1. What number comes out for accessible area per residue over the chain if the probe is 1.4 Å? Units Å², please.
2. Taking a quarter of the surface of the convex hull around the Cα atoms of the range 561-632, what do you get in nm²?
3. Restricting to the range 509-636, what percent of DSSP beta bridges are antiparallel, rounded to 5?
4. Given Cα positions, please report Rg to Rh for the chain, the hydrodynamic radius being the Kirkwood one.
5. Considering only the chain, what is the antiparallel percent among its DSSP beta bridges, to the nearest 5?
6. In degrees from 0 to 90, rounded to the nearest 10, what is the angle of the helix 336-351 Cα long axis to the longest principal axis of the chain?
7. Kindly provide the helix-only [θ] at 222 nm of the chain, computed as the sum of -39,500 (n - 2.57) over DSSP H runs of four or more divided by all residues, to the nearest 500 deg cm²/dmol?
8. If the reach is capped at under 20 angstrom between alpha carbons, list the aspartates and glutamates near LYS357, excluding any in the same chain fewer than eight residues apart.
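The values are calculated or read from the model by the stated rules, or taken from the named source; none is laboratory data. Note that the coordinates shown come from a computational prediction; the quantities given were computed from them, not determined experimentally. Glycine gets a Cβ as well: all are built from the backbone with ideal geometry, and neighbour counts include every protein chain shown. These area figures cover heavy atoms from the full protein model, side chains too; ligands, DNA and RNA do not enter into them. Shrake-Rupley method; radii C 1.70, N 1.55, O 1.52, S 1.80 Å.
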Amino acid sequence: MNEFARLRKQMIEYQLAARGLDDKTVLDAVGAVPREAFVPTDLVEFAYQDSPLPIAASQTISQPYIVALMTSALELTPEDRVLEVGTGSGYAAAVLAEIVDEVYSIERHKILADTARNRLSELGYKNTHVLHADGTLGWPEQAPFDAIVVAAGGPEVPATLKQQLAIGGRLVIPVGATLHTQKLLRVRRISEHEYQQEDLGGVRFVPLIGAAGWEGEAADIPAAKKAEASLPELIYQSSEHFGFIDHANLDNLLDRIGDSRLVLLGEASHGSAEFYEMRARITQELIEKKGFTVIAVEADWPDANRIDHYIHDTSPDPLLESAPFARFPTWMWANHSVLEFTHWLKSYNEKVASADKQAGFYGLDLYSLGSSIESVLNYLDTVDPETAEVARVRYGCLSPWTSDPGLYGRVAITKQYRECEQDVLDILQGLLKKRLDYSLADGERFFNAEQNARLVASAERYYRTMYYAENNSWNQRDQHMFDTLKSVLAFRGPESKAVIWAHNSHIGDARATQMSARGELNIGQLARQEYGDAAYLIGFGTDHGTVAAASEWGGPMETKQVQPSHIDSYERVCHNVASDNFLLPLRRAQQASPQAMARELLLEERLERAIGVIYRPDTEMQSHYFYASLPNQFDEYIWFDETRAVEPLTRETIKDMPDTFPFGL
Ligand code: SAM
């Protein structure tokens, strides 16, 4: 059995039979058609994946499961004469031709009709006939048909097609009020004037364009709506589509990134596995092909530092006793996607001899007041015990609050308790003054202590200002993250390049969102202001699926359903694109190209959804949506129509894994 035959057999077993498709005639027919002969040559390796694939004229070859489902719904017998509307690649026509006497197939794009006709003939199908025409009008010369299948979604069931059904004939067609979501209907002709209709469930097809399809209707709708209708099509044309993350071709993305020094990778939620996995995939390529050495993430410095020790094969700081990422929300970093990525980083570093070419893992966030204080003191204990004693007294100002630093902010505002600002700044300045002495012994350890001392100073300010004005503390935090990034870049040298992983709300330029009206800035904005086009900002989005999130701050992780996106959102526009996963470049493009037109239409502000560690579907509009201008916010947008929750690391889920350090659960 050749490789394709083996994949075909697997596809039938796992994608069709496993989903309850038990029509043996249909399964045998699918088993007889070489799908690899119907997909573009550069996508042959994906021929047996469970997804539609792009073909010429911006159309798609349908997902195998859908072809089998529709074929089965036609209730075919060997003597039947069948009409197909939407030949596309000709694949479904071949499946039909394996079962019935004659197949008549109509395609509106000449290039597709011609290619499919030749292909079917080369494969030896003598009972298929392909016509280049508007299929919504049927094929009157060959009517009536025992079965009619329409492979594109229309606004209604075309009357002409119903009339071309034989009595007892079946018509299967996706019908929907919007361009890309439909219900699959089966219409049965009972008598001359009687039809029976059944709903077979939700589906998503490219639009049926023609006299009884969308174009006929579109003539009557206002221009703005027409532009709206074509936006998903323009996005389809200007984006790069992929089925699985592992197979996504990132070469064009790497070209667009060019010589950028910073690549910022966002996420639309803190709990969707695809975002982590795609960021890992992109980061690996940036490390291997473009020499990136810094991975800076929205996590606390000491936690990330343990990962950094691990990936360099040095022992972790023995004085940090708690497992990293132990504070809420643990799943944000202690999850299987991150674990896999850190294992990759470790194996990569093992292959790279020179330390400055190895990848390092750094935390940008400032929520580790307690462990950062501990880390500074531990460092001073070993290099300068006398200073350590003084620092211990100074940090003592904060010690009542380290387990609940928010409380420090609340008492600071009442002025009933001494503020600790000067104490923490003194320690930082003391450390910096002795930089030369200390770092002579071990520059890496000094840098770690310095960053922890900076973190304590930023965290003190962050909590102290928390209750004055909200944006103030947000800005403190993002400024701290950006400053930490710059310190890391300076430490790693003038040639160093960094990938940053953080939520979209930190990564997309804040000036293009509602945040700016509140006076809020973020890492994306600061990076753009300082590095210009040498900062490449990538946002991520999704429509529906599951997400790991809590219902309130500090609450347990739950796996929640993500609601389908709001009708006025960017997410809805992307959901209406005839591809499930894609990379959409958003920088200015050549005039009149689909990318330039898509960009133009996307510039106008729409809603965008942000899910953090908390997700409240019941108040979704107020809690999670804000207005933004996507092309001003990001240089590129990566779309996963459906996402699944990250899998947190628990004793249960890691018990069979040989090497679980550094997560130490
Ligand atoms: N059955 C195809 C296959 O196996 O490759 C996939 C079909 S694709 C999902 C839908 C096709 O319908 C597209 O090729 C599109 O051009 C075609 N189409 C849309 N409206 C049409 C119409 N009015 N008449 C004929 N073809 C149409």
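1. Working: 27800 Å² over 665 residues.
Heavy-atom accessible area per residue stands at 42 Å².
2. It is 5.6 nm².
3. Values: 11 of 14 bridges.
Given both bridge residues lie in the range 509-636, the antiparallel proportion sits at roughly 80 percent.
4. Numbers: Rg = 29.3 Å, Rh = 27.7 Å.
Rg divided by Rh gives 1.06.
5. Details: 35 of 81 bridges.
About 45 percent, rounded to the nearest 5.
6. The answer is roughly 70 degrees.
7. Values: 26 runs with 272 residues, N = 665.
When only DSSP H runs of four or more count, the value is -12000 deg cm²/dmol.
8. Cα-Cα hits under 20 Å: ASP259, GLU285, GLU288, ASP308, ASP313, ASP442, GLU444, GLU495.
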